[in-house]
Amino acid sequence: MAKKHKLSLSEEELVLALQRHDKIGAEALYDMYSASLYGVIFRIVNDTATAEDVLQEVFVKIWHSSASYNTNKGRLFTWIVNIARNLAIDKVRSKDFKNQYKNQELENNVGYIDKHNSTEYKPELLGVRELVDKLRPEQKSILDLVYFKGYTHTEAADELGMPLGTIKTRLRMAIQQLRKHFN
Amino acid sequence: MEEIRAYIESGVLELYVLGDMSAEEKLQVEAMAQKHPSIQAELSEIEKAMEMYADAQSVEPSAQLRDRVLNSLVINLGDDRNLRTVQHSNTPDTARVVPIQRTATTSIFYKYAFAASLLLLCLSVAALAIVYNRLQDSQQQLVSLRLNEQKFTRQVSFLNEEINVFRDPSFRFIQLKGMPKTPSSALTVAWSAKRKKVMVDLSSAKLPAPGEGKQYQLWAIANGKPVDLGVFDKTTADSTDMKLMKSVASAQAFAVTIEPRGGSVNPTTDQMVVLASL
């Protein structure tokens, strides 16, 4: 299995390799982040073929625009996962996609993925459903809207009929909850 | 410090990590993070948490996708050095080989095409010559057929006329009998006083040979005087059985004498071969 030969580089080495367009940079990027990115993309588009297309587009975009990344802008993953989220959300919002698929509720997606994908054993994965369940509904819905549906916090405020301040606070609370969980 | 704490608590850093802000706001957050290590640290914690969140929900894509994705990168940019060396080794070969094959095959093609054209030309000329000869033959045949046709038309019209002689009740058929010198001679003459027409029937004529430079001459005796009705030969080339002679309205007798070729003004009575009185 390819998993045995998975490449892993430090973030600095990886950024350098990407910016030099070394082959090893592409391979390491894929081996280190494809599963995380694919999980996020799949939860947004909810379709295997589309998710695979988007993942490919994400890697092409990262490869082409790696020069525009610098460490002042934060962690590499934050940069690439936002590229992935933006491309996936754009895809879902495109007319073609809307005509083809009826979006399902995110709750269904999580269950579907847990049931149907043979993923490698991850101890922390066991907690995901509990974690998602542990989030208070209002925190979860805001995080879902922003993270998976691409709402801005302004749009989320309109959607949920809440003041902007409350949205921001609840978003922060949800992420605080995640931080607590992972520490 | 209170300000920084309030800044952190405002939730703006979470929005930054989620990419939910304008480029301008992002620059402000980055500037704040540069200035204040505690903001930098908080930002880093949020990023790690979101990274863990994503990782916890990660789904392994299908195994084939790795090659597809990596190949799309290699094709788009790849390793320039490799691509160039591959191109350099390929280009001269293909550049050399293709034109040579082309000229070889085309020249062979044209050779065969030229030979085939030449052969076709020869065949065409031969065929044309044969056809021309046949056309000439056909035209000659056509001319002779036309001549025949004219001859037959003449014959048919003459025969019609001949038949009319028998149909016409005004014709009388007069049997001229041999003289004492020529007892076996005989000749039939058809005469229509109404139409003033006289014909001799050559097919049934039995006359002695006239001799060299001589001809038969037909006479009518009208009112005691001989009237010239023209000369004729037994073996006429026009092969008509009935020969139309000069016209005469009245006659008491018909006679044939042998006269010098071209005929005489008066009959040579001792050379009379047949005679009939009406």
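Read-outs throughout are calculated quantities, based only on the coordinates presented, and are distinct from any laboratory measurement. Keep in mind that what you see is a predicted model, and the values were worked out from it rather than measured. Every residue, glycine as well, gets a Cβ built from its backbone with ideal geometry; the counts of neighbours run over all protein chains shown.
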At a temperature of 25 °C and a viscosity of 0.890 mPa s, determine how fast region B:171-277 diffuses translationally according to Stokes-Einstein, using the Kirkwood radius over alpha-carbon pairs as Rh; express D in µm²/s, rounded to the nearest whole number.
-> 181 µm²/s
Between region A:139-170 and region B:158-198, the Cα center-to-center distance that results, in Å = 144 Å
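When each pair of different Cα atoms in chain B is counted once in the 1/r mean, what is the Kirkwood radius in angstroms, to one decimal? Please list the in-between numbers first.
Details: mean 1/r = 0.0310 Å⁻¹.
Taking every pair of different Cα atoms in chain B, averaging 1/r and inverting gives 32.2 Å.
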Can you give the calculated 222 nm mean residue ellipticity of chain B, where each DSSP H run of n ≥ 4 adds -39,500 (n - 2.57) and the sum is split over every residue, rounded to the nearest 500 deg cm²/dmol?
-> -19000 deg cm²/dmol
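I'd like to verify something in chain B: which complete DSSP H helices, judged by Cα projection on the helix axis, reach 20 Å or more and average at least 0.0 on the Kyte-Doolittle scale? Spell out each step's value before the answer.
Values: long enough: B:37-56 (28 Å, -0.28); B:63-76 (21 Å, 0.16); B:80-167 (122 Å, -0.07).
What comes out of the filter, once short or polar helices are dropped, is B:63-76.
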Taking the convex hull of the alpha carbon atoms in region B:2-59, what volume per residue do you get, in Å³?
-> 81 Å³
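Ignore the peptide's own chain and count Cβ atoms of other chains within 10 Å of each Cβ in B:18-31; give me the average, rounded.
Values: counts 12, 11, 12, 2, 0, 0, 0, 0, 2, 1, 0, 2, 3, 1.
The per-residue average across the peptide is 3.
Convex hull volume of the Cα atoms in region A:1-102, per residue, in Å³? The partial results should precede the final answer.
Values: hull volume 10.2 nm³, N = 102.
About 100 Å³ per residue, rounded to a whole number.
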Give the long-range amide H neighbours of B:Val248: residues separated by 5 or more places, or on another chain, with amide H under 5 Å away, using H modelled in the peptide plane at 1.01 Å from N.
-> B:Lys197, B:Val198
GNM, chain B, Cα, under 10 Å: largest mean-square fluctuation among B:Ser247, B:Ser72, B:Ser203?
-> B:Ser72
Computed magnitude of the charge dipole of region B:144-278 (debye, nearest 20; Cβ of K, R +1, Cβ of D, E -1) | 280 debye
Would you work out which of B:Pro208, B:Ser185, B:Phe171 lies farthest towards the positive end of the dipole of region B:171-277, given +1 charges on the beta-carbon of Lys and Arg and -1 on that of Asp and Glu, about the Cα centre?
-> B:Phe171
